[in-house]
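Here's the structure we're looking at; comments come further down.
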């Protein structure tokens, strides 16, 4: 499936690829060997081309393959095969110095293969760094063997630490999802209580009065009429209360949403920095919709530890320090929110990067009518 330009750019925002790309410093060894060798110019040019291709493939893999979850990328085998082919192509040109590129093979194996495969491949690369030079008559380079052993141990440590961090993040995500589900259940229970409190008493009285009116129809028609009138009034009152409750559910009030946002964020373990719920703004209802949707996304998707909301007369800003998102791919909630803000004469902007996501809803201030325009 093809990617849009925005989705191709998104992985570059993850700074982890830069740490992985630092291993490219090991290419200095085969590069230096090529520069100082007495090989013909054609051989040197071929070596430079192969080293350049090697660096390009590894950089591409650092961003799009190696930055994911360890042991969870099927493209790792393809990248490994290409790099092995390039190393084999370098051996006839620069001999055992080609093993200066061997640490990259270990990086790919450690970060993309299942653990048992990674251990096997890394051991095989280490053995090959000794056996191949001996068989070819070059003589094994002890420094290369030591470097490869050090790299292997380092990568294993990184792999174990990353696996633990990933498991911790998954556990934290499961906890946030559970908190969100519990918040939904609590909201449903609150609605059920409101409906029960509104209708329970009214329907009980209506039932009693309607039964009484039925018995009085023949005995005391005037009183029966009075009872039926009261039943009608009670029914109208209950209907109005139900409509009021549903209206509150459909049209959020900003103070209530701010209070609910604080509760949801703290339940998810996110530090909340929220404005005064009693601050007046002419766009309270719209900003309530914005805040409700933004906080829902922060709790469910961001992985943030802090969320700050600022509010003024014509704008509301929600910033979290989470993992960021791709603004090119908005869910139904954000698309609907964009349409709602646009209909109110405003704009919704989402800026996302390595330092988190910022959502800003800005209402364009009205242009005052001049006295000469009103004539």
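Taken across the range 288-296, residues that are free of Cβ contacts under 8 Å to residues at least 12 places away in the same chain and under 19 Å from the mean Cα position of the chain (by Cα) do not occur at all. Condition first: exposed (fewer than 14 other Cβ atoms within 10 Å of the Cβ), assigned to a helix (DSSP H, G or I), at pLDDT 80 or above and touching a helix residue (DSSP H, G or I) at 6+ places or on another chain (Cβ under 9 Å). Can you find one or more residues in the range 258-267 that meet it? So far as the range 258-267 goes, no, none of its residues is exposed (fewer than 14 other Cβ atoms within 10 Å of the Cβ), assigned to a helix (DSSP H, G or I), at pLDDT 80 or above and touching a helix residue (DSSP H, G or I) at 6+ places or on another chain (Cβ under 9 Å).
The values are calculated or read from the model by the stated rules, or taken from the named source; none is laboratory data. Owing to the predicted nature of the structure, the values given are computational and were not obtained by experimental measurement. Because the Cβ atoms are built from the backbone with ideal geometry, glycine has one as well, and the counts that use them run over all protein chains shown.
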